[in-house]
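**Student:** Here it is: the structure, laid out below.
The values are calculated or read from the model by the stated rules, or taken from the named source; none is laboratory data. These figures come from a predicted structure and were not determined experimentally. In this analysis, Cβ positions are derived from the backbone assuming ideal geometry, glycine residues included, and neighbour counts consider all displayed protein chains. Accessible surface areas use protein heavy atoms only, side chains included; no ligands, DNA or RNA. Shrake-Rupley method; radii C 1.70, N 1.55, O 1.52, S 1.80 Å.
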Amino acid sequence: MKNQIFVIVLATSLFYGCNQQEEQIHLVDANATPETKALLHNLHEMAGKHAMFGHQATLAYGYTWRGDSARSDVKDVTGSFPALYGWDIADFLPNPNRRNSSADSTRWVRNIGYVKEGHERGGVITYAWHMRNPATNSSFYDTTRAVHTIIPGGEKHEEYKQTLDIVADYFNEISPMPIIFRPYHEHNGDWFWWGKGLTTEEDYITLWRFTVEYLRDEKEVHNLLWAFSPDRSRIDMENFNEGYFYGYPGDEYVDIIGLDDYRDAGRADGDQTMAEKKRDFGISMANVAQIALDKGKISALTETGLEAIPDSVWWTEHLLPAMMSSDLSKRTTYVQVWRNATKRVENRDHYYAPYPGQVSAEDFIKFKETEFILFEDELPDLYSIQIKD
């Protein structure tokens with residue numbers, strides 16, 4: 001499949017200025033819905049001026065509650081939902097190991113409801129995919145080799161296509177709503193079955209390209225932006241680009257240059273000081289932004305966070321300064337933190353956004369109030385291209 005180029009004129013910025021310039025934006029799907037093209041256009045416009053804040057599964061549950069989509073721990077603290085909503089294909093995909101298969105249709109309808117609620121308020125939707133190991137039909141953490149079985153020529157290739165058919169039905173049902181799709185993330189690590197050392201780089205690239213082409217060309221799914229997101233912990237800062245491009249499927253198959261980065265977010269591991277971690281956080285974002293600029297794409301911090309946020313000023317003294325540390329790091333168009341697991345269900349403190357009363361809650365409000373960071377209540381219309389005199 002030849003590279004598809006969607007040419008737009010970046011006219012009056014949604015935020016500042018009125019200079020016009022023509023820019024070629026490489027879009028994986030030249031037949032993308034108008035709303036999807038508009039979202040990509042507006043994310044390019046946003047770069048360097050603002051960054052959206054996102055949170056995984058924010059409507060499904062929080063630290064002390066479940067099942068109330070009118071709530072979000074983010075909204076409970078700040079008064080606004082996040083600008084970007086993170087979900088997972090596993091949230092709705094049927095699970096053959098589930099005893100009550102009738103629950104699958106309920107999950108499907110419930111998750112469509114979640115994404116529609118966020119989109120109708122003007123938010124942005126992104127999906128990852130923690131796919132069950134297809135070789136063993138078990139957890140995504142099962143590292144039994146499997147990629148070679150589902151790519152063309154593999155013994156489970158037809159089963160994989162059947163799974164993609166369900167994914168396509170879901171995405172087409174919510175079309176023309178744009179989705180930022182981030183499959184097979186953190187592939188340069190060794191904790192998922194699609195990871196480095198568990199498959200060859202060639203087979204990983206084949207899997208990515210086949211998935212794009214099957215959904216786009218065979219199933220006519222035209223509301224996806226494709227995000228590529230290796231993990232920072234497996235990238236050497238001295239050879240950042242070399243590490244970043246492991247498994248890169250090619251410019252024709254990627255819309256968003258992303259990075260998952262927990263290493264620099266402030267976890268108390270390794271021999272680095274917090275100041276050194278903050279420095280590397282900003283440098284990592286700048287490096288990703290430079291790659292995106294060179295390729296005519298946008299950059300994003302696609303997954304990050306500090307578990308249980310023990311640092312009371314983490315938002316304004318660690319994350320925000322890293323994002324603002326250079327003109328390049330400021331081109332990070334969104335930052336998404338991971339989910340807030342319900343403690344009474346999972347019996348652990350596994351959360352990445354504060355809840356009311358949490359030690360960093362007041363600092364989180366200050367983070368929201370900065371001009372650079374956008375929550376849902378501050379978003380412009382991202383789904384149309386506004387050209388002003």
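**Student:** Can you list the residues, at least 5 places off or on another chain, whose amide H is less than 5 Å from the amide H of I298, using H built in the peptide plane?
**Tutor:** Distant-sequence amide H within range of I298: I257.
**Student:** Can you work out the base-10 log of I(q)/I(0) for the chain at q = 0.07, 0.10, 0.13, 0.15 1/Å, using the Debye formula on its C-alpha atoms alone?
**Tutor:** Values returned for q = 0.07, 0.10, 0.13, 0.15 Å⁻¹ are -0.29, -0.62, -1.12, -1.56.
**Student:** Report the Cα centroid-to-centroid distance between the range 287-338 and the range 341-389 in angstrom, as an integer.
**Tutor:** A separation of 14 Å, based on Cα centres.
**Student:** Could I ask something else about it? With a sphere of radius 15 Å drawn around the Cβ of E158, what net charge do the other residues whose Cβ falls strictly inside it have (Lys, Arg +1; Asp, Glu -1)?
**Tutor:** So the environment of E158 carries a net charge of -1.
**Student:** Could I ask something else about it? Defining a contact as two alpha carbons under 8 Å apart and six or more residues distant in sequence, what relative contact order in percent does the chain show? Each step should come with its number before you reach the end.
**Tutor:** Details: 802 pairs, mean separation 93.7, N = 389.
Once normalised by length, the contact order is 24 percent.
**Student:** Now for a separate question. Below 8 Å between Cα atoms, with a sequence gap of 6+, how large is the relative contact order for the range 327-377 in percent? Working shown, then result.
**Tutor:** On the way: 27 pairs, mean separation 10.1, N = 51.
Relative CO of the range 327-377 lands at 20 percent.
**Student:** A follow-up question, please. Report, in listed order, any pair from K196/K343; K156/K219; K49/K366 with a Cα-Cα distance greater than 22 Å.
**Tutor:** Numbers: K196/K343 32 Å; K156/K219 19 Å; K49/K366 18 Å.
Correct reply: K196/K343.
**Student:** Compute, for M274, the solvent-accessible surface of its heavy atoms (probe 1.4 Å) with the complete set of protein chains present, and express it in square angstrom to the nearest 10.
**Tutor:** Per-residue accessible area (M274): approximately 80 Å².
**Student:** Rounded to whole Hz and in sequence order, give me ³J(HN,Hα) for the range 189-195 from the Karplus expression 6.51 cos²θ - 1.76 cosθ + 1.60, θ = phi - 60°, writing x for Gly and Pro.
**Tutor:** x, 10, 9, 10, 5, 8, x
**Student:** Long-range amide H contacts for A128: which residues qualify at under 5 Å (H placed 1.01 Å from N, peptide plane, sequence gap of 5 or more or a different chain)?
**Tutor:** Residues meeting the amide H criterion: W87, D88, I89, R182.
**Student:** Could you please state, rounded to a whole Å, how far the C-alpha centre of the range 136-157 is from the C-alpha centre of the range 80-98?
**Tutor:** A separation of 22 Å, based on Cα centres.
**Student:** Ranked from the most accessible area to the least, with a 1.4 Å probe and all protein chains present, what is the order of Y244, Y383?
**Tutor:** Working: Y244 0, Y383 40 Å².
Largest accessible area first, the residues go Y383, Y244.
**Student:** Quick one: which residues, 5 or more positions from L374 or on another chain, have an amide H under 5 Å from its amide H? H modelled 1.01 Å from N in the peptide plane, none for Pro or chain starts.
**Tutor:** Here the answer is A51, M52, F53, since their amide H atoms fall under 5 Å of that of L374.
**Student:** Let me cross-check V124: its accessible surface, 1.4 Å probe, with only protein heavy atoms counted, in Å² to the nearest 10?
**Tutor:** My reading of the accessible area for V124 is about 0 Å².
**Student:** Something else about it: Taking only DSSP H segments of four or more residues, each worth -39500 (n - 2.57), what value at 222 nm results for the chain once the sum is divided by all its residues, to the nearest 500 deg cm²/dmol?
**Tutor:** Working: 11 runs with 116 residues, N = 389.
Taken over the chain, the calculation gives -9000 deg cm²/dmol.
**Student:** If I ignore ligands, DNA and RNA and count only protein heavy atoms, how much of R209 is accessible to a 1.4 Å probe, in Å² to the nearest 10?
**Tutor:** Its heavy atoms expose roughly 90 Å² to the probe.
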